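The values are calculated or read from the model by the stated rules, or taken from the named source; none is laboratory data. From a predicted model like this one, the values you see are computed outputs, not experimental measurements. Cβ placement follows ideal geometry from the backbone for every residue including glycine, while neighbour counts extend to all protein chains displayed.
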Amino acid sequence: MDALQPSPQSLAFRANLATLVSPLRRLRPTVPYFKLSAHRIPTLWSWYRGLIRYAPTEDIRQRVRRLADQNRAHVGVRRTRATLQTGYKWLDTLKRAHDGDEHLRAVLQRWDRQLAYKNKQRLWRLQEEYALSDIEESQRKRPWLTGGFIRPSYFNKPLPRLKPQPVNISGMLRFRRAARERRHLLMEEMDELRRDIHREQELELGALELNPGAQMDPIYSGNASKQWEQPITLTQHNIRQTFRLDEKRASTSVSPELMAQIKRARGAKHANKARERRRERAGEVLNRTLRRRASKPPPPMWDKMSEERRHMDRVSRSVSEVGYVAKVKRQLGFKLKNPDAWKVEDSPEAKERLDSEYVAILRENARRRRASEREETER
């Protein structure tokens, strides 16, 4: 059994070999080198700040910053070592020029002139790109005539339909709609004030009839009634005048100039669509082509589908994930982002909220209906 054990000389040789090989074994660090202090401190405090400190002009400092930003993402050892070696050569050159080397100062001055010229060219290119991008953006958002028109209403005369609709037109319609609603509310308030005055007059006349011998000057009845009702009458007259102007605006006919403009826009639209169809027949893939492809399955599959399946396919292409759309998507095996989203509408809390909103809408519609009927009666 002892014959199988290694000899003392062999054990000694193995121990000596282990002591010689162990320092040569490669140790992999637990963190990358660019996070180690042994790399970061010399690079930031000696290499980068030294370049910035000894750079004689702002253009050279800007060039150093730009190159450092460009090489910051490099994590390869070989490329990082080459960049650091080049940077240390630059640092030595800048230090020697700073110490008084005339030749290196002349070299740096020539380099500074080249960098200044390149920076000026770069600035010109950026300004040109910004100007072109602004022009393209303004042209892309520029409203264009669709060939239709906005029908006259209480809030606008006949207008050409623009897409996208300018903010000024939307603001005008919103302001006039809100102003008309405020006038309706003011008319109701004036009617309520008139009824209050009539009730005060009836109360005053009743008191005088019960006490015929009382010496009392009428405050609401008699000649004073006109003074009470005159401001109300004037306000209601002005409001009715604005209503007549709204009706005049709503009854405005389309002018021949506007009709000719709309017809020209329709002709241009038809010509554009015809040109688009010719390009599509030639084989170009346009936005129109992509939208049509995304609207339904390919024709061979579409022809084999039943009417019910076609209906489910159209419904399933909606972005909604609640209600009937969610039901159809679950039947077709769609994976929904939020399977519990249907509870937003079907939960008891949502039912109470929707019921209260429904009642509020009914009340508001009834109030507007009464105001409209009262307005028609007063006319």
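Here are a few things to note about the model shown:
- Criterion violated by ARG277 - all others in (1) out of contact with any Pro (no Cβ under 9 Å at 6 or more places or on another chain); (2) surrounded by 11 or more Cβ atoms within 10 Å (Cβ to Cβ); (3) not in a helix (DSSP H, G or I) satisfied: (3)
- You will find that of ARG125, ARG113, ARG151, ARG142, the residue that is within 23 Å of the chain's Cα centre (by Cα), more than 18 Å from ALA371 (Cα to Cα) and charged (D, E, K, R) is ARG142 and no other.
- Members of the range 216-232 found to be within 56 Å of the chain's Cα centre (by Cα) and surrounded by 12 or more Cβ atoms within 10 Å (Cβ to Cβ), listed by number: TRP228, GLU229, ILE232
- Any hit, the range 115-125, residues being of a type in the set (Lys, Arg) and either under 30 Å from LEU159 (Cβ atoms) or in contact with a helix residue (DSSP H, G or I) (Cβ under 8 Å, 6 or more places away or on another chain) (or both): no
- Single residue of GLU284, GLU229 found to be farther than 30 Å from LEU159 by Cα, in a loop (DSSP other than H, G, I, E, B), at pLDDT below 95 and acidic (Asp, Glu): GLU284
- The one condition from (1) part of a strand (DSSP E or B); (2) closer than 21 Å to SER251 by Cα that ILE169 does not meet is (1).
- For the residues ARG330, ARG379, ARG374, ARG370, the requirement of being of a type in the set (Lys, Arg), surrounded by 13 or more Cβ atoms within 10 Å (Cβ to Cβ), modelled with pLDDT under 90 and closer than 24 Å to GLU188 by Cα singles out ARG374.
- Restricting GLY171, GLY206, GLY213 to residues that are surrounded by fewer than 14 Cβ atoms within 10 Å (Cβ to Cβ), under 48 Å from the mean Cα position of the chain (by Cα) and not basic (Lys, Arg) narrows the list to GLY171.
Residue by residue, here is whether (1) free of Cβ contacts under 8 Å to residues at least 60 places away in the same chain; (2) in a helix (DSSP H, G or I); (3) surrounded by fewer than 15 Cβ atoms within 10 Å (Cβ to Cβ) holds:
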{"position": "HIS74", "(1), (2), (3)": "yes, no, yes"}
{"position": "ARG78", "(1), (2), (3)": "yes, yes, yes"}
{"position": "ARG81", "(1), (2), (3)": "yes, yes, yes"}
{"position": "GLN85", "(1), (2), (3)": "yes, yes, yes"}
{"position": "LYS89", "(1), (2), (3)": "yes, yes, yes"}
{"position": "LEU104", "(1), (2), (3)": "yes, yes, no"}
{"position": "VAL107", "(1), (2), (3)": "yes, yes, yes"}
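- Test: PRO23 is more than 20 Å from ASP112 (Cα to Cα) and either out of contact with any strand residue (DSSP E or B) (no Cβ under 7 Å at 6 or more places or on another chain) or in contact (Cβ under 8 Å) with a residue 12 or more places away in the chain (or both): yes
- Flag: LEU36 does not match the condition of being out of contact with any Leu (no Cβ under 8 Å at 6 or more places or on another chain) and either exposed (fewer than 11 other Cβ atoms within 10 Å of the Cβ) or more than 22 Å from LEU84 (Cα to Cα) (or both).
- Any hit, the range 246-267, residues being among the hydroxyl-bearing types (Ser, Thr, Tyr), within 19 Å of GLU188 (Cα to Cα) and either out of contact with any His (no Cβ under 8 Å at 6 or more places or on another chain) or assigned by TED's automatic domain parsing to the domain that holds THR377 (or both): no
- The C-beta contact set for the range 118-141 (first residue within 30 Å of PRO166 (Cα to Cα), second residue at pLDDT 80 or above, distance under 7 angstrom, 6+ apart or interchain) comprises LYS141/PRO164.
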